[in-house]
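Bear in mind these aren't lab numbers, they're just calculated from the coordinates by the rules spelled out. What you see is a predicted model; the values in this text were computed from it and never measured. Positions of Cβ are generated from backbone atoms using ideal geometry, with glycine treated the same way; all protein chains shown enter the neighbour counts.
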Amino acid sequence: MRVEFPETGAVIKGEAGDNIGRGDRTTLYLVDEAAFLQRPLLIDAALSQTTRCRIDLKFS
């Protein structure tokens, strides 16, 4: 999924898999259903160089 806002140049995009965020740089990264990740350490490694602000979303 990718949503672009031409007026500001902002982008919202969705990714899946163990390499989410790898190679990108972002201001903020939202991880949906973080409590249910099968390989959370791979996700941590992939996002470690991508952003300084990671927010894990958990809805109950």
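The table below lists the values:
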| item | result |
| --- | --- |
| Loop-located chymotrypsin sites (Phe, Trp or Tyr not before Pro) in the chain, at most 11 other Cβ atoms within 10 Å (DSSP) | PHE59 |
| Backbone N within segment 4-40 under 17 Å of label point (7 Å from LEU57 Cα along the Cβ vector) | 4, 11-17, 20-21, 27-38 |
| Within the chain: Cβ-based charge dipole about Cα centre, in debye rounded to nearest 20 (Lys, Arg +1; Asp, Glu -1) | 160 |
| Relative contact order of segment 2-57, defined on C-alpha pairs under 8 angstrom at six or more residues apart (%) | 38 |
| Loop trypsin sites (Lys or Arg not before Pro), segment 1-40 (other Cβ atoms within 10 Å of the site Cβ: 10 or fewer; DSSP) | ARG25 |
| Overall form of the chain per C-alpha gyration tensor (a/c, 1.5; a/b vs b/c) | prolate |
| Helical mean residue ellipticity (222 nm; -39500 (n - 2.57) per DSSP H run of 4+; nearest 500) of the chain | -3500 deg cm²/dmol |
| Among ILE43, ILE12, ILE20, residue whose mean-square fluctuation peaks in a GNM of the chain (springs only between Cα atoms under 10 Å) | ILE12 |
